[in-house]
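Here's the structure we're looking at; comments come further down.
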Amino acid sequence: MYVAVKGGERAIENAHRMLAETRRGDPATPELATTQLVEQLTLAVDRVMGEGSLYDRDLAALAIKQSRGDLIEAAFLLRAYRTTLARFGAAEPVDTNAMRVVRRISSTFKDVPGGQVLGPTFDYTHRLLDFSLAAAGTRPEAPVSTTPLAGKLPRIGELLEREGLIEPVVPDAGDAPVGDLTRESIDFPADRDVRLQNLARGDEGFLLALGYSTQRGYGRNHPFCGELRVGRVALEYVPEELGFAIELGDVDLTECQMINQFKGSAEQPPQFTRGYGLVFGHAERKAMAMALVDRALRAQELGETVVAPAQDQEFVLYHSDSVQATGFVEHLKLPHYVDFQSELVLVRGMRVECGQVQAEAAE
Amino acid sequence: MNASSPLQVAPAAGTTEGYNFGYLDEQTKRMIRRALLKAVAIPGYQVPFGSREMPLPYGWGTGGIQVTASVIGPADVLKVIDQGADDTTNAVSIRKFFNRVAGVRTTEKTSAATIIQTRHRVPETPLAENQILVYQVPIPEPLRWLEAREAETRRMHALAEYGAMRVNLYEEVARYGRIAKGYDYPVEVNGRYIMSPSPIPKFDNPKLDNNPALQLFGAGRERRIYAIPPYTKVKSLDFEDYPFTVERWAQACALCGATDSFLDEVIVDDQGARVFVCSDTDYCEDRRKQGFRGAAPDALAATASGAS
Amino acid sequence: MTALTIPTAAGLAEPALASQRVFRQALEAMARPGTVVGTEIVLAPPAPLSRAAGALILTLADFETLVWFDRAAQSAADYVRFHTGAPLAAQTADAAFAIVADSTNLPPLTAFALGTDEYPDRSTSLIVEVESIAGTGPLMLSGPGILGRRPLGVHGLAPDFWHQWRTNHRAFPRGVDVFLTAGARFVALPRTTTVET
């Protein structure tokens, strides 16, 4: 019995020590350095930064090490740290047109100004286990391009916009404050800023499944990957006392613009619509899934009937968060024996009554 | 544990360096405090609040912890229970957390506490005016099982449109001959809002009514805070022909002989033999100290020594 | 936004501990309407702000809450803005908190934010300075937080205040909540409280 005994504190302490020992594994194997994770498990680090909602590679790597590679647990560690950090204010919007890309592709045109830039991608690899990686000491090198990339790559959406073929991107008037769901609870219907923030922090698996479901007909919106770009952008901030923007540093981002079909209405000529995804680090699958779900969540705004889970704001926004979801699912491990006892009393009582009724019927 | 101190209160520890008193930053506490004041002013209404991410998982009591952290001060004595017991793992963990981040004194004694944070029980010992009971709440919305949509349940509360809840309860009566809810049994607060008492057994529902203590409810993941002021009418929903009743046991507590407390059923051997003991460990211990004995006062000794 | 003159009067010393103490008193007052509590916090806010009103607003307001000051309280506005970072509310209906130094010229309670049926919590909390408060007197309070009835004596409120209060009470769940302050003492009236005069 794990309750009526005293000494729970000692049991917890011992469990923590066992966890630490298990985490380390066989001491004969060299210990992982967090720099190794930063350099060689970059996509895991990126995912933890994204879902942990904190851009810090070293801390994300530390969290991955501490969590034994459980990426949701790692994101949770980052979140709990993030919440104690002081806030100075909000950065200026990042200019992804000025992104220094390592990868940029469009599936809507054969070629685009600035070119298709494949970059480091799994897309055309044959998924055969590379046994040479099992041995240490590989030093693969990539050839260096002789033609530099264009400084600013126009986004595909802008090219369509000139023809009026796609809905224009209209920035908010003035300096409309941006919502922050980590500071206040969500009101429904939620505005797009809060929805996008929720999706950017959301669980990759959840978004992937929802995005996939729209492709299979649960809220179908005919997506094309207008553009996917991965690269580095400058982060700027305007301190109150200076009144002008200063550069804080760079962040790596993945941005996806989906182009989706929209039939138009009596008032509006047919126009393509957009779905948008923006995620920390290199996270193509997440950015694409986010863009699909963002578009699906715009159903109401675009006059579509909400019929599918991916179009349902409350369903998506309340269940997308890996840290919330894992907490509530896993809390079932906590003792519930008092609730269970009331259910036992109830069910036994009802069974007795039921037996009496049956006995009376038999007489 | 704390039994050596005459007041049965463990001394305060120093607070953890690098963190604010009570862990939360002052701005967060202010936001929660404002929500608490409104919650008290509108009994039973769920106030949305900007719940923060805590170093404990959602579902482990983050709402209750945030409420306690915003209320607690150096003069307080804290008791934490889970399932009525002070020594359940989660209660131990939360008590240790506050001992670390607020350096407050802790106790296992209900009557010695000024703040009691609880999961799933209301202590058997009647509470007093100088006490605050903080409930950990998983799902604050009593109408959630009828209507999943927040926009819709909010409207139902706004209009006090609770017909669907009555119909649902009556369907249970029709089907099972009673309202088939053992815990988280909905209540009506001050004649207006229908409220979830959190997953306490319905045995505890009558204790919510006209309680001298202030009762605060925190739901972290769901971002809601609500309250019942002291001496406020709290009524468990029922029907004239099917009045509200609480659980009863044929047995008395095997350890202390109590017949008025909520009993846990403990399976003691492979044959499924079981004993019934008080869920409220402090209440049971207190009675035994007063000399009360049940039918098998050593029933759990063997199991207890073999555990942990 | 008007420019702010940096005030000379100090804010709460040891803010984390002081504001916890003030909040607990405010919570106690709100949970037990009509209970007169006295703050022992050391604070010397500029006139016409009483010690209790100063302690309450410094404990509860920050950059996320708009605060409205009546004309008589304007001279204390910079002090509150400086120590809390709270922006000024242009209108009573925008205010999370309202500080009323001249209670005989109190705007109608319905001019403040009353919240909505969906969000009754989004309502103004008023801090109203009065001449004196006592735990005895002709007023009889009842409602949640009160065992039976509780007496209260208040001097220096506009004569029609209690009439307005009845209207406020009837609007439940909408309505304002009020702290009455005098010197170091204060008392709270949540919208649930019935007051017989």
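What follows is calculated from the coordinates using simple rules that are stated; it is not laboratory data. Owing to the predicted nature of the structure, the values given are computational and were not obtained by experimental measurement. Every residue, glycine as well, gets a Cβ built from its backbone with ideal geometry; the counts of neighbours run over all protein chains shown.
Determine, for A:SER132, C:SER125, the number of other Cβ atoms within 10 Å of each Cβ, and report the residues in order from fewest to most. Don't jump to the answer; show the numbers that get you there.
On the way: A:SER132 9, C:SER125 27.
Sorted ascending by nearby Cβ count, the order is A:SER132, C:SER125.
Could you state the per residue volume, in Å³, of the convex hull enclosing the Cα atoms of region A:3-149?
Details: hull volume 34.1 nm³, N = 147.
In region A:3-149, the Cα hull volume divided by residue count equals 232 Å³.
Under 13 Å Cα to Cα from B:LYS109, which aspartates and glutamates show up? Leave out anything in the same chain fewer than 8 places away.
The reachable aspartates and glutamates, counting only those whose Cα sits under 13 Å from B:LYS109, are B:ASP86, B:ASP87, B:GLU124, B:ASP280, B:ASP282, B:GLU285, B:ASP286.
Go through region B:124-136 residue by residue and turn each phi into a ³J(HN,Hα) via Karplus (6.51, -1.76, 1.60, θ = phi - 60°); whole Hz please, and just put x for glycine and proline.
Once θ is set to phi - 60°, the couplings for region B:124-136 become 6, 5, x, 8, 10, 5, 8, 10, 10, 9, 10, 9, 8 Hz.
Pick out which of A:ALA291, A:ALA20, A:ALA134 has the largest mean-square fluctuation in a Gaussian network model of chain A, springs linking Cα atoms closer than 10 Å.
A:ALA134
With the contact rule set at Cα under 8 Å and sequence spacing of 6 or more, what percent relative contact order holds for region A:8-82? Write out the running numbers ahead of the final one.
Working: 68 pairs, mean separation 20.0, N = 75.
Over region A:8-82, the number comes to 27 percent.
Using alpha-carbon pairs under 8 Å, 6+ residues apart, how would you state the relative contact order of chain A in percent? Provide the component values of the computation, followed by the final result.
Values: 488 pairs, mean separation 60.4, N = 363.
Once normalised by length, the contact order is 17 percent.
What residues have an amide H closer than 5 Å to that of A:GLU236, excluding those fewer than 5 places away on the same chain, when H is modeled at 1.01 Å from N in the peptide plane?
For A:GLU236, whose amide H was placed from the backbone, the distant partners under 5 Å are A:GLU92, A:LEU248.
Tell me the trypsin sites (Lys or Arg not before Pro) within region A:210-250 that lie in a loop according to DSSP and have at most 11 other beta-carbon atoms within 10 Å.
Details: sites: A:ARG216, A:ARG220, A:ARG229, A:ARG232; in loops: A:ARG216, A:ARG220.
Of the trypsin sites (Lys or Arg not before Pro), the ones in loops of region A:210-250 whose Cβ has at most 11 other Cβ atoms within 10 Å are A:ARG216.
As an exercise, use a Förster radius of 45 Å and the Cβ-Cβ distance of A:LEU242 and A:ARG139 to find the FRET efficiency, rounded to the nearest 0.05.
Working: r = 45 Å, r/R0 = 1.01.
E between A:LEU242 and A:ARG139, to the nearest 0.05, is 0.50.
Given Cβ point charges of +1 (Lys, Arg) and -1 (Asp, Glu) and nothing else, what value in debye, to the nearest 20, does the dipole of chain B about its Cα centre take?
Numbers: 36 positive and 37 negative charges, 181 e Å.
That gives a dipole near 860 debye.
Relative to the compact-globule scaling 2.2 N^0.38 Å, provide the ratio for the alpha-carbon radius of gyration of region C:44-139.
Values: Rg = 13.5 Å, N = 96, 2.2 N^0.38 = 12.5 Å.
Dividing the Cα Rg of region C:44-139 by 2.2 N^0.38 Å gives 1.08.
Write down the percent of antiparallel bridges among all DSSP beta bridges whose residues are both part of the protein assembly as shown, to the nearest 5. Walk me through the numbers before you get to the answer.
Numbers: 69 of 99 bridges.
Looking only at bridges with both residues in the protein assembly as shown, the antiparallel portion is about 70 percent.
So what's the net charge close to C:ASN105: Lys and Arg +1, Asp and Glu -1, counting the other residues with Cβ under 15 Å from its Cβ?
Values: positive: C:ARG71; negative: C:ASP70, C:ASP102, C:GLU129, C:GLU131, C:ASP160.
Here the count lands on -4.
Between region C:168-189 and region C:14-82, what is the C-alpha centre distance in whole Å?
Taking the Cα centre of each part, region C:168-189 and region C:14-82 sit 14 Å apart.
If the cut-off is 14 Å between C-alpha atoms, which aspartates and glutamates fall inside it for B:LYS29, apart from same-chain ones fewer than 8 positions away?
A:GLU184, B:GLU53, C:ASP62, C:GLU64
Report the residue, chosen from A:VAL238, A:VAL323, A:VAL117, that carries the largest GNM mean-square fluctuation when chain A is represented by alpha-carbon nodes joined by springs under 10 Å.
Of A:VAL238, A:VAL323, A:VAL117, the Gaussian network model singles out A:VAL238 as fluctuating most.
Sort A:GLU247, A:GLU13, A:GLU363, A:GLU284 so that the residue with the fewest other Cβ atoms within 10 Å of its own Cβ comes first and the one with the most comes last.
Details: A:GLU247 10, A:GLU13 13, A:GLU363 4, A:GLU284 21.
Ascending number of Cβ neighbours within 10 Å: A:GLU363, A:GLU247, A:GLU13, A:GLU284.
Distance in nm between label sites at A:THR305 and A:ASP193, each 7 Å beyond Cα in the beta-carbon direction?
3.4
Starting from the Cα of A:ALA98, move 7 Å in the Cα-to-Cβ direction to define the label point; list residues of region A:206-238 whose amide nitrogen is under 19 Å from there.
Counting backbone N atoms under 19 Å from the label point, the list is A:229-238.
Of A:GLY157, A:GLY217, A:GLY205, which has the largest mean-square fluctuation in a 10 Å C-alpha GNM of chain A?
The residue with the greatest mean-square fluctuation here is A:GLY217.
Cα gyration tensor of the protein assembly as shown, axes a ≥ b ≥ c as square roots of the eigenvalues: rounded (a/c below 1.5), prolate (a/b > b/c) or oblate? Numbers along the way, then the final one.
Numbers: a/c = 1.65, a/b = 1.24, b/c = 1.33.
Verdict is oblate for the protein assembly as shown.
Pairs to check: B:LYS96/B:LYS181; B:LYS96/B:LYS289; B:LYS202/B:LYS235. Give those whose C-alpha atoms are more than 22 Å from each other in this structure. Intermediate results must be reported in sequence, preceding the final value.
Values: B:LYS96/B:LYS181 34 Å; B:LYS96/B:LYS289 26 Å; B:LYS202/B:LYS235 12 Å.
Pairs exceeding 22 Å: B:LYS96/B:LYS181; B:LYS96/B:LYS289.
What dipole magnitude, in Debye to the nearest 20, does region C:1-109 give about its Cα centre under +1 on Lys/Arg Cβ and -1 on Asp/Glu Cβ? Could you put the intermediate results ahead of the total?
Numbers: 6 positive and 9 negative charges, 37 e Å.
It works out to roughly 180 debye.
Identify, among A:TYR237, A:PHE340, A:ILE72, the residue whose Cα sits farthest towards the positive end of the charge dipole of chain A, taking +1 on the Cβ of Lys and Arg and -1 on the Cβ of Asp and Glu, with the dipole about the Cα centre.
Positive-most Cα among the choices belongs to A:ILE72.
Which value in deg cm²/dmol, rounded to the nearest 500, describes the helix-derived mean residue ellipticity at 222 nm for the protein assembly as shown, given -39,500 (n - 2.57) per DSSP H run of n ≥ 4 and division by the residue count? Don't skip to the answer; put the middle values down first.
Working: 24 runs with 267 residues, N = 868.
So the helix-based figure for the protein assembly as shown works out to -9500 deg cm²/dmol.
Around B:TYR231, under 15 Å between beta carbons, what's the net of Lys plus Arg minus Asp minus Glu among the other residues?
Working: positive: B:LYS207, B:LYS233, B:LYS235, C:ARG32, C:ARG149, C:ARG150; negative: B:GLU129, B:ASP209, C:GLU28.
Its environment carries a net charge of +3.
Tell me, A:HIS222, B:HIS120 in order of fewest to most beta-carbon neighbours within 10 Å?
Numbers: A:HIS222 14, B:HIS120 27.
Ascending number of Cβ neighbours within 10 Å: A:HIS222, B:HIS120.
For the protein assembly as shown, with only Lys/Arg (+1) and Asp/Glu (-1) charged at the beta-carbon, what is the dipole magnitude about the Cα centre, in debye rounded to 20? Before the final figure, lay out each step's value.
Working: 88 positive and 107 negative charges, 166 e Å.
For the protein assembly as shown, the charge dipole is close to 800 debye.
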